[in-house]
Each structure stands twice: as C-alpha cells, then as structure tokens.
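Have a look at the structure below before the remarks.
What follows is calculated from the coordinates using simple rules that are stated; it is not laboratory data. The structure displayed is predicted, hence computed values, not measured ones. Don't worry about glycine lacking a Cβ; one is built from the backbone with ideal geometry, like all the others, and counts go over all protein chains shown.
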Amino acid sequence: MAFILVKRRHAAIIAACLMGLGLSQAHGDGKAADAALSLPPEIVGVTWEWLGLQTPKDQIEVADPASYSVTFAEDGSMALQVDCNRGFGRYTVSADSRISIKPIGATRMMCPEGSLDQQFAINLERVGSFFLLDGELLLEQPFDSGTMRFRAAD
C-alpha cells in the first residue's frame with residue numbers, strides 16, 4: 001500500500017514538473033518561446049548577390065557579385081552560388097534581427113585562382129544579425145567584426 005502512495009506522489013511530482021516546463025516555454029500570448037521567426041518578406045525568395053565585406057582590418061570588393069549569391073527560402077533553407085560551386089545550408093532567425101547560418105555545404109569543384117569562395121562561405125557562417133538599408137541586405141558579424149553587403153539580383 002505504501003509503495004502505491006509513493007508511486008502516486010512521484011507521478012504527481014513528475015506531472016507538475018512537466019506542466020511547469022510547458023508553461024515556461026510559452027509567452028504571455030500563448031506562443032512558444034522558441035517558435036521560429038521568419039525573415040522579412042523583402043528578403044525571402046530573393047537572390048542576393050555579394051558586393052563585399054568590410055572588417056576593421058580589410059575591405060573586400062567582389063568583382064563579379066553574381067558569382068556569390070544566397071537565396072533564403074521560407075522553410076529555413078538557403079541556396080548558394082559559391083563562385084564555381086553550388087551550395088546549400090540552413091538558417092534560423094530569432095528576435096532582434098538575429099540570424100544563424102549553419103552548416104554550409106557545397107560542391108567541391110576547384111575554382112580558379114583568386115576565387116573568394118572560402119571567404120564567402122566562412123563569413124556567411126559567422127553572421128549574427130541582418131538588416132536592410134537602402135535596398136541592400138547587410139549581414140553583420142558579432143562584435144562589429146565584419147559586414148557582408150548584398151544587392152538583389154536583377
């Protein structure tokens with residue numbers, strides 16, 4: 001009999017903990033706290049061509065922006081043109097225009113000398129936030145360590 005009471009007490013404690021976890025995952029409006037946010041519609045479905053990278057130490061201007069592009073899909077996937085390679089990846093968006101891009105995969109063709117394929121992929125994975133300014137998409141790296149500039153493809 002005591003064993004049954006102990007089991008019921010444990011079941012009640014477990015149920016209370018699970019309910020508490022469920023409640024802690026909700027906002028006051030009833031939406032899940034970790035519900036995925038979306039990029040603004042002006043960004044999604046547009047092919048964005050890489051114009052350059054500005055860091056505290058360097059400035060890279062891209063000679064052929066169409067060779068380096070990203071297209072964000074509504075489902076959190078993205079398609080990339082990484083110079084002579086095609087790429088893909090996933091992104092997540094959170095509050096305050098935060099974005100995380102990981103991981104990036106790409107075909108492995110050998111691009112010509114002078115290619116910025118490695119810089120493009122590495123810097124995309126470092127991005128932490130985004131915003132639109134004067135029609136350009138700016139992808140910011142944390143701690144003001146760099147800004148990638150993009151324009152919408154024609």
Self-check item: Loop GluC sites (Glu not before Pro), region 65-154, which have at most 12 other Cβ atoms in a 10 Å radius of their Cβ (DSSP)
Solution: GLU74, GLU113
Quiz item: What fraction of the Cα pairs in region 47-152, stated in percent, has a spacing above 16 angstrom?
Solution: 55
